[in-house]
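Have a look at the structure below before the remarks.
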Amino acid sequence: MKRFGRCFALFCLFAVLLSSAASANSAPPDYRVEVKVINGPEELYYLDLLKQPDGGRLGPAPEELDQELLEAMEQAEPEGWLACTLSGMGDHFMGDMAGENGVHVFHGMETPKVFRILIVTKSGESWVSEPLERKVFQSAVTVDWEKGTAKMSPVWVAFGTQLLATLLPTLMIEGLALLAFGLSSKRNWLVFLVVNLITQGALSAFLASNLIQRDFFYVMSFALLIMIPVELLIAVVEANIYKHQFQGCSRRRAFWYGITANAASYALGWAAVELVFHGLISL
């Protein structure tokens, strides 16, 4: 029992120290659209998302970019649509018009649900996609410049990526906790994997259904008023399953493993989710 107490205390301290370092990233990840251009222009070009305007331009064009090309982009905006990054959308949206290696990232709570893609080259060529709809929290689009097509990843692929992005960090963090508590056995690992597959799948579906298109204040209140109770419920449910299904340990030890592992997972999870998601979506 004394050994268990030391292990428990050290693991809690480890989780608290790491969570303080990750606190800046512990809020829910932004809405995100990642656009990958293949067979792209061989000259300088800029790419931006277009939205149906709900107001005028909020700010000047980015000063560090080619101003003549930015002016050409503004002129190429189709009627009834406004370039998001070019027009300025405040603190809750950021866009990478220049991109890197053909990848352009747009993220923030103001990322539009329905959008088009605008590309303008230095020589004056321009192209606008048909309207696309973001159906999940974070989406990926592939643009083929030569063919003039834009294809969004299927919903099941995007949902699967989102599930893996939450499942993999959870398995890593809570798996380390399983080892720290000295509960490693074939039986316990099997229970651990099955329980997390079920809970993380349900959580991903819950996030997808509730956070597809909400404003910044909704998402923050959602995180505080709904997500914390949901995470507490998951922690209690998992802890009770472990208490009855784990073998080779006391029920008390298994229960407190479930509570501690979920606390560490929640504290570190969003930072890890961001890293895993970016790796998965760029494959």
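Table for the structure above
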{"item": "Sole residue being touching a Gly at 6+ places or on another chain (Cβ under 8 Å), among the aliphatic types (A, V, I, L, M) and in contact (Cβ under 8 Å) with a residue 60 or more places away in the chain, chosen from Val105, Val141, Val120, Val114", "result": "Val105"}
{"item": "Residue match in region 268-283 (condition: in contact with a Phe, Trp or Tyr (Cβ under 7 Å, 6 or more places away or on another chain), assigned by TED's automatic domain parsing to the domain that holds Leu190 and modelled with pLDDT under 95)", "result": "no"}
{"item": "Condition check for Glu125: exposed (fewer than 15 other Cβ atoms within 10 Å of the Cβ), assigned by TED's automatic domain parsing to the domain that holds Leu69 and at pLDDT below 90", "result": "no"}
{"item": "Residue count, region 162-195 (criterion: in contact (Cβ under 8 Å) with a residue 60 or more places away in the chain and either charged (D, E, K, R) or not assigned by TED's automatic domain parsing to the domain that holds Ala261 (or both))", "result": "2"}
{"item": "Qualifying residue in region 237-252 (condition: within 30 Å of Met109 (Cα to Cα), crowded, with 19+ Cβ neighbours inside 10 Å, modelled with pLDDT of 65 or more and of a type in the set (Phe, Trp, Tyr))", "result": "no"}
{"item": "Selection status of Ala140, in contact with an Asp or Glu (Cβ under 9 Å, 6 or more places away or on another chain), modelled with pLDDT of 85 or more and either farther than 28 Å from Tyr46 by Cα or not in a helix (DSSP H, G or I) (or both)", "result": "yes"}
{"item": "Helices (runs of 4 or more DSSP H) lying entirely in region 1-117 (those with 3 or more residues that are surrounded by 17 or more Cβ atoms within 10 Å (Cβ to Cβ), at pLDDT 90 or above and more than 20 Å from the chain's Cα centre (by Cα))", "result": "67-76"}
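The values are calculated or read from the model by the stated rules, or taken from the named source; none is laboratory data. Only a predicted model underlies this, so the values are computations on that prediction, with no experimental measurement involved. Methodologically, a virtual Cβ is constructed for each residue, glycine included, from the backbone with ideal geometry; neighbour enumeration extends over all protein chains shown.
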